[in-house]
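Working notes for the structure below.
The values are calculated or read from the model by the stated rules, or taken from the named source; none is laboratory data. All of these numbers come straight from a predicted model, not from anything done at the bench. Quick reminder, even Gly has a Cβ in these numbers, built from the backbone with ideal geometry, and neighbours come from all protein chains shown. Remember, those area values only see protein heavy atoms, side chains included, never the ligands or the DNA or RNA. Shrake-Rupley method; radii C 1.70, N 1.55, O 1.52, S 1.80 Å.
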Amino acid sequence: MRRLALLILGGMLALFGFATAQFCELIYDGGVRKSMCSLLLEPDSTTFSMIRNRLPQGLSNTALLRNYIGCWKIKNDSLFLDSVLVNDGSDSYRPISIDDIFAEKRTASGYFSDWVSDSLRVVSGDIIKYVHMAWESKWENEELIAVENGIVKKRIHKHNRLVNKGMEGLKLRSLPDSLDLGEIPRRITLNVSYSDFDTEGNPTSCKVIVRRGSGDAATDNRVATAIEKFILTRKPLPIYYIDNRYVTHTYTITVGPSRND
């Protein structure tokens with residue numbers, strides 16, 4: 001099991017070495033290394049209190065606030081705990097001793113995790129949409145694996161993808177500079193997003209909301225209409241296919257004179 005932990009660690013460092021969100025748990029699913037966005041040790045307060053006493057004191061990594069990485073395995077539709085890794089204060093990780101804690105669960109495949117009755121979020125492939133918070137990012141492949149008393153009962157697979165890359169942040173913010181919007185007396189702040197898509201993920205309508213106007217309603221409407229037409233025609237906003245539906249996000253852009261003008 002120690003060898004498995006080290007193999008998993010190598011993949012984890014390659015995938016998350018420069019991440020600023022939280023490291024995932026690691027899992028071998030049918031022999032395939034994946035990541036898991038579920039905490040399965042902490043719900044059992046009795047065993048986790050013993051594990052917690054063996055974790056490093058103080059924060060060793062801002063991307064690992066829980067101070068450990070659980071390594072797991074699904075084999076023949078059964079869930080096993082392989083090991084628990086901790087950071088030794090540098091870029092390397094080591095397994096802590098847990099055999100005495102889970103001795104009654106020990107099998108040739110690992111510690112049979114019959115205490116787990118939960119829906120596991122198992123992810124693999126590329127990160128399609130990075131979110132700088134916990135496990136809010138979206139991966140290319142995501143599975144919800146229903147486990148009851150350590151036995152896999154059901155799987156729901158989702159395939160996410162980037163449909164339209166759109167413009168990068170800086171280019172998107174400078175988008176109004178390429179448009180002839182006429183005279184604008186004061187800066188206008190708008191929220192823009194797509195509001196509907198066809199079956200291929202092409203935007204069919206968009207929403208432009210004036211958050212802060214210029215003081216002239218006619219100017220605000222003229223600018224909002226021009227921005228709406230441009231966004232729907234040129235498709236500068238990123239579009240994702242996530243959780244079986246097309247989604248985008250709301251972006252803020254400003255037009256008009258700078259504050260120094």
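Counting only residues at least eight positions apart within a chain, or on another chain, the aspartates and glutamates with an alpha carbon under 17 Å from that of residue 34 are 25, 77, 82, 126, 136, 140, 142, 143.
Could you compute the longest span of the chain free of chymotrypsin sites (Phe, Trp or Tyr not before Pro) located in DSSP loops and having at most 15 other Cβ atoms within 10 Å, not counting the site residues? So the longest stretch without any such site is 131-261. Surface exposure of the stretch 59-100, expressed per residue as accessible area with a 1.4 Å probe, stands at 40 Å². Couplings 3J(HN,Hα) for the stretch 181-193, derived from phi with the Karplus relation 6.51 cos²θ - 1.76 cosθ + 1.60 (θ = phi - 60°), are 9, x, 6, 10, x, 8, 4, 10, 10, 10, 9, 10, 6 Hz, where x marks Gly and Pro.
Mean sequence separation of contacting Cα pairs (under 8 Å, at least six apart), scaled by the length of the chain, corresponds to a relative contact order of 14 percent. Averaged over its residues, the stretch 141-261 has an accessible area of 60 Å² per residue, based on protein heavy atoms and a 1.4 Å probe.
Within the chain, the longest segment free of exposed loop sites, counting GluC sites (Glu not before Pro) that fall outside DSSP classes H, G, I, E and B and have at most 16 other Cβ atoms within 10 Å, spans 1-135. Ranking 185, 217, 203 by Cα position along the charge dipole of the stretch 147-221, where only Lys, Arg, Asp and Glu carry charges on their C-beta atoms, puts 203 farthest toward the positive end.
Between 0 and 90 degrees, rounded to the nearest ten: what's the tilt of helix 2-16 against the longest Cα principal axis of the chain? Helix 2-16 sits roughly 10 degrees off the main axis of the chain.
Annotation for the stretch 88-152 versus the stretch 29-47: alpha-carbon center distance of 2 Å. Pairs spanning more than 24 Å between alpha-carbon atoms, out of 73/165; 138/235; 207/235: 73/165. When Lys and Arg each count +1 and Asp and Glu each count -1, what net charge do the other residues less than 15 Å away from residue 139, Cβ to Cβ, add up to? Overall, the nearby charge balance is -1. Each Lys and Arg Cβ is given +1 and each Asp and Glu Cβ -1; about its Cα centre, the chain then shows a dipole of about 280 debye.
Distances between placed amide hydrogens fall under 5 Å for residue 78 paired with 152, all partners being 5 or more residues away or on another chain.
Within the accessible area of the chain, the carbon and sulfur atoms contribute 48%, probe 1.4 Å, all protein chains present.
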